[in-house]
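Everything on this sheet refers to the single structure shown next.
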Amino acid sequence: MKRTSRELSRIYELLNRHFGDLRWWPARSGFEVMVGTVLTQNTAWSNVVKAIRSLRKHGLLTPGKLLGADLEKLEGLIRPAGYFRIKADRLKRMCRFVMDECGGRLSLLKKRESSEMRQLLLSVKGIGPETADSILLYALEKPVFVVDAYTRRIFSRHGLISENARYEDVKTLVEENFPMEVARLNQFHALLVETAKSYCKKNNPLCNECPLGILLK
């Protein structure tokens, strides 16, 4: 465990020194973050931005307004994010959850335990582990680690996990060996995403240019 803790700290330090504060998640409210976590599934962030701008323009970035929106209108507004029918349904379900649990006031959800909120979120159709943890970390400011394909790629290439490691195993690995502080967990996930996009690419990785390249020598 001590070795894993040192390796995670070293990865964080190298990336943080290279990229600086990445200031994730770009949103004007916690609810907007929640909307973004649903819309970003299987699409580029640039497309999510277009969809969120449309929702904002039409005054739908509150749980109550979005829940009450005409379904066909909602589908049209989020069309840039792709899979618009599926995502419209998921947004409605998420809004129903928020309204039922806290009357649309996220400040009340923030007061509840992380483990309880995670189980409740996972009970909502369309919200999986990555989306649930993203909501917990970025919208509700809970100390959890978000695992994604970029994380798996980097960690497996550096021998921290196997290529087919389960989501929960990767999550536990970090949460048991890294400071459980919201700001650091936020930054760590952002750093891993940026590294994977810029250097640790799926094909033809730029290991010699990567800030983590020193760890492979």
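List of remarks:
- Rg and Dmax over the alpha-carbon atoms of the range 29-73 stand at 10.2, 27 Å.
- For C210, solvent-accessible area (1.4 Å; no DNA, RNA or ligand), Å²: 20
- Between K73 and H18, full extension at 0.36 nm per residue minus the direct alpha carbon distance yields a gain of 15.5 nm.
- Take every Cα pair under 8 Å whose residues are at least 6 apart in sequence, average their separation, divide by the length of the chain, and the relative contact order is 24 percent.
- The portion of the accessible surface of the range 54-104 made up by carbon and sulfur, rounded to a whole percent, is 49 (1.4 Å probe; DNA, RNA and ligands excluded).
- Contour excess over end-to-end distance, with Cα ends at N164 and A149 and 0.36 nm allotted per residue: 4.3 nm
- Counting protein heavy atoms only, the range 118-217 has 47 percent of its accessible area on carbon and sulfur, 1.4 angstrom probe.
- Max mean-square fluctuation residue, GNM over the chain, Cα-Cα springs under 10 Å, options N42, N203, N16: N203
- Stokes-Einstein D in µm²/s, Kirkwood radius over Cα pairs - the range 63-217 at 37 °C with 0.692 mPa s viscosity: 188
- K202 paired with M99, simple spin-label distance in nm, labels 7 Å along Cα-to-beta-carbon: 3.7
- For the range 89-96, backbone phi angles converted through the Karplus equation (6.51, -1.76, 1.60; θ = phi - 60°) give residue-by-residue couplings of 5, 5, 5, 4, 5, 5, 5, 4 Hz, Gly and Pro being listed as x.
- Per residue accessible area of the chain, 1.4 Å probe, in Å²: 51
- Extension gain (nm, one decimal) between S29 and K125, 0.36 nm per residue minus Cα-Cα: 32.3 nm
- Loop-located trypsin sites (Lys or Arg not before Pro) in the range 67-106 (DSSP state not H, G, I, E or B) with no more than 16 neighbouring Cβ atoms inside 10 Å: R105.
- Between T172 and R6, the simple label model (points 7 Å from Cα in the Cβ direction) yields a spacing of 2.4 nm.
- Measuring against 21 Å, Cα to Cα, the residue pairs K50/K202; K65/K87; K87/K111 contain K50/K202; K87/K111 as the ones spanning a longer distance.
The values are calculated or read from the model by the stated rules, or taken from the named source; none is laboratory data. Values in this document were obtained by computation on a predicted structure and should not be read as measured data. Here Cβ is always computed from backbone atoms with ideal geometry, including for glycine, and neighbour counts include all displayed protein chains. When the accessible area is computed, the model is the full protein with side chains, heavy atoms only, and any ligands, DNA or RNA have been set aside. Shrake-Rupley method; radii C 1.70, N 1.55, O 1.52, S 1.80 Å.
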